[in-house]
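Here is the structure we will look at, set down as structure tokens.
The values are calculated or read from the model by the stated rules, or taken from the named source; none is laboratory data. Remember, predicted model here, so these are calculated numbers, not experimental data. All Cβ positions, even for glycine, are placed from backbone atoms using ideal geometry, and neighbour counts span all protein chains on display. For accessibility, only protein heavy atoms count, side chains too; no ligands or nucleic acids. Shrake-Rupley method; radii C 1.70, N 1.55, O 1.52, S 1.80 Å.
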Amino acid sequence: MTSASIKAVFDLLRERNAPLNVQLMVDNLQTKKVKKSQVEKSLDSLVSEGKVTRKEFGKQKIFFLAQAKLDKATPEEVGALKTKAADLKNEVAKEKEDAGAIRKELARLKTQLTEEEIRERTRRCEKSV
């Protein structure tokens, strides 16, 4: 059990912020070359430190971050995030509106004849006259 494997397991749990079993963690940490035994030992270490909580359901063990130890956002941070979210929603709505206008313009342009088609029709009309 290395500090790198402990950090990898903890970072995975923090990133996902969802309950995971050992096998799911092993599958997700394959790219970091963390073996199942390392994951199990790292989880035992994190549980003993109080950073991770373990729940047992029969033979199945589920691990998740200890929620009490996580930093909580201040009311100012929450307000700032809500404002940012509202601004982003407005920006998305404007972008959707712009995209719709562009689609309408594209559809209108597709129905119009090109210069080459107009010349060809003009030649045919002149020949028929």
Q. Taking the range 1-25, which residues are open to solvent by less than 40 Å² (accessible area, probe 1.4 Å), more than 17 Å from residue 53 (Cβ to Cβ) and at pLDDT 85 or above?
A. 8
**Q.** Condition broken by residue 18, with the remaining ones in (1) touching a helix residue (DSSP H, G or I) at 6+ places or on another chain (Cβ under 8 Å); (2) not in a helix (DSSP H, G or I) satisfied
**A.** (1)
Q. Pick from the range 101-115 the residues that are open to solvent by less than 100 Å² (accessible area, probe 1.4 Å) and not β-branched (Val, Ile, Thr): which of them is modelled with the lowest pLDDT?
A. 113
**Q.** Scope the range 56-100; condition open to solvent by 100 Å² or more (accessible area, probe 1.4 Å), within 22 Å of residue 6 (Cβ to Cβ) and more than 25 Å from the chain's Cα centre (by Cα); matching residues
**A.** 56
